[in-house]
Structures are given as structure tokens and as C-alpha cells.
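Enquirer: After the C-alpha cells below, expect a handful of questions from me.
The values are calculated or read from the model by the stated rules, or taken from the named source; none is laboratory data. Keep in mind the model is a prediction, meaning the values are calculated, not measured. Note that we place each Cβ from the backbone using ideal geometry, even for glycine, and neighbour counts take in every protein chain shown. Accessible surface is based on the protein model in full, side chains and every heavy atom, while ligands, DNA and RNA are left aside. Shrake-Rupley method; radii C 1.70, N 1.55, O 1.52, S 1.80 Å.
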Amino acid sequence: MISLKDLNKEILSKWGETTDTLLFIIKNDMSIVDFSANFKIHSQKFTNIYELVTYTHRNKFTSQLNQCIKEKSVVSFSTNFSYDNTDVEDIPNTFDITMQFLQDDEIIIIAEVVCPLSHDSAKEYFSIINTYSAISRKLQKSEYVLDKKNVQLKDINKELEHLANYDCLTNMYNRRRIFEELDKEYSRFQRLETIFSIAMIDIDHFKNINDSYGHQGGDIVLQTLSENLKSMCREYDSIGRFGGEEFLLILPGTNLEDAKSLLNRMLEKIANTEIELHENKKINITFSAGVSQITPKDTTDTIVASADEQLYQAKETGRNRVC
């Protein structure tokens, strides 16, 4: 920055066009008293230095000027000047400003340009910036759309996964998934010799329910039974719809006696549950169950066959019981 020491009006006439630095003398009201030679081309447009300061910097300029007048000291700061206040595309230049209060109530200002870009160069620069910004906005929009699509895809995949594993009517495991759980439990038995039991459950006289109350009534019975069975299962038990009105229950770490005890409690709860069908009709249902405990000789097929055989015995001996 050029020093203000010993600066006076004589310098104004000698301050030629060999420098880009501007020199002004202004009054307290910001009117221009005198200026250096290289500002002559702009002198017809500006009678007040306030008009030269860009809109966004005027408050700052005024504040610094008031400080200079009040403290009668040298003030330095940066601001923007624009020579053409009628051209909305004019690119302002940034200047380092130094102000000093003179004895005759005038202020001398040195404005040293920081970034002397030509108008065309500046417009080209900002054109590149605008192009980059437009590309950036498009990219952000694309990323937003992609994120939204990814969320939708995750939701679809979650829904597909649910449909692949759960029965849509009862919201229990479907046949495929419950057999996967049985395979896992059997593998654990082979590795760790941890016992487990399974139960085959079948609603008694379900055909009569469908015949009497229609498939809508039958669906309500299936849903109510499912909710009650699930509510009595432990967190680590697995239950699924085996097919039609049959269900397969897997009870890890449970021997035959304890499994039958649990099924009898389930049977009692179901028998005492009044199921409300359409048109205010209410019915009670029962089920039959066959239980089997894993043995070293068993496979998943043989233990299911064993539980199915016990279920057949429960039905043959009067239904509404556990064998």
C-alpha cells in the first residue's frame, strides 16, 4: 500500500496513468474534491465517491469513513468499486483502501486495485463459474433423485423379502422359511447335540367353518389362531404356516414333555377364545397337535413325519388334544 506520509494536492497532478492506483480527495459528505489523472475517464460519471462503491459494500465503506472522521486517524480496509453503475453486467474490482483525515476537513483516499481483471476477462471467468454451478446443481439434483430411488429400491427389496418369507394372510413364516428354520435347528443339533421338539398343529373341522361361514370367516379364524399362537411362543421359537389350516412349531432346547405342556396351554387358550366373525357371529374353535422330539436317528424329514403321525393320532382319538 502506498504511504500517505507527506501526501498533498500537488501529487494529484503528478499522479499519472502509469499506475492503476486511484487517488481521491473527498469531503465529509463524500463529494469528490479532486482526483488523480488516471480517474479522468470516469470523472464525468461520479461526483460522489459513494456512487462508486458497489451496493453490497456501501455500509462498510460508510462505517470506515465515519471512523476516519471521528478518530482523525488512518483507516485501512478492502472494498469493491464499479466504474459503470448503469451496466448490470459490470464486474466490480476489489481495492485496498487507505483513508486519512486532513486538517481542512477533507479526506484523502488511496485505492489500490487488488485484482485488475478486464471486463471481458472477468465475464469469461464468471461464465465458467456459472457453468460449473449449473453442472453442480444438476449433479446435486441427480444425486437427490438417485438417493430417493435407492430408498424406494430398499423399500421394495424389504417388501419382496417379507413376501418371500412370510405368509400374507397370517404374517407367520411361510412353508419355505419355516423349513429353513428347521434346517438351522437340525444343524445346531448335529453340532452341539442340543435337543429340540416340533409340533404339527391342525384346526379341527376347518372345512365345516369354511362351509358355514365362507372363506372370509375361515380367514378370520386362521388370523386369530395365528395371533394367539405367536403370543404364546418364546422369542427364539419359530412358527409357520405349513399349508391350509396346518402350522409347524419349532421349539429349541425343549424336550417332549415340556413341548406337550406348552401345546396344551395353547390348546386351552384357543378353546376359550371367542372369535368374532362377520355379521356379529361368534364361534369357538379347537385344534389338534402332534409333537415329536429330535433323536440321533432323525432327519428333518423323519421328525416332521413323526409329528404328523402324532397329529393323526390326536385326530383319530377325538381331536382337541395333543399327542
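Enquirer: Tell me the residue from Leu7, Leu12 that is assigned to a loop (DSSP other than H, G, I, E, B), modelled with pLDDT under 70 and among the aliphatic types (A, V, I, L, M), please.
Expert: Leu7
Enquirer: Of Tyr173, Tyr166, Tyr186, which residue is surrounded by 15 or more Cβ atoms within 10 Å (Cβ to Cβ), within 28 Å of the chain's Cα centre (by Cα) and among the aromatic types (Phe, Trp, Tyr)?
Expert: Testing whether each residue is surrounded by 15 or more Cβ atoms within 10 Å (Cβ to Cβ), within 28 Å of the chain's Cα centre (by Cα) and among the aromatic types (Phe, Trp, Tyr) leaves just Tyr166.
Enquirer: If I ask for residues that are in contact with a Phe, Trp or Tyr (Cβ under 8 Å, 6 or more places away or on another chain), open to solvent by 40 Å² or more (accessible area, probe 1.4 Å) and not in a helix (DSSP H, G or I), which ones from region 262-318 would you list?
Expert: Lys281, Gln293, Thr299, listed by residue number.
Enquirer: Starting from region 205-226, take each residue that is open to solvent by 30 Å² or more (accessible area, probe 1.4 Å) and list its partners that are part of a helix (DSSP H, G or I), counting only C-beta distances under 6 angstrom and pairs at least six apart or across chains.
Expert: Asn210/Gly218
Enquirer: Report the residue count in region 229-246 for those that are open to solvent by 20 Å² or more (accessible area, probe 1.4 Å), of a type outside the set (Lys, Arg) and either over 23 Å from Glu180 (Cβ atoms) or in a helix (DSSP H, G or I) (or both).
Expert: 2
Enquirer: Based on what the data block shows, is Thr18 modelled with pLDDT under 80, closer than 15 Å to Ala111 by Cα, surrounded by fewer than 14 Cβ atoms within 10 Å (Cβ to Cβ) and polar (S, T, N, Q)?
Expert: yes
Enquirer: Just give me the residues in region 165-204 being of a type in the set (A, V, I, L, M, F, W, C), in a helix (DSSP H, G or I) and without any contact (Cβ under 8 Å) to a residue 12 or more places away in the chain, in sequence order.
Expert: Leu192
Enquirer: From the set of residues in region 247-261 that are assigned to a helix (DSSP H, G or I) and of a type outside the set (Ser, Thr, Tyr), which is nearest to Asp211 (Cα to Cα)?
Expert: Among residues in region 247-261 that are assigned to a helix (DSSP H, G or I) and of a type outside the set (Ser, Thr, Tyr), the one nearest to Asp211 (Cα to Cα) is Lys260.
Enquirer: Go through region 186-210 and count every residue that is acidic (Asp, Glu) and touching a helix residue (DSSP H, G or I) at 6+ places or on another chain (Cβ under 9 Å).
Expert: Final tally of qualifying residues: 2.
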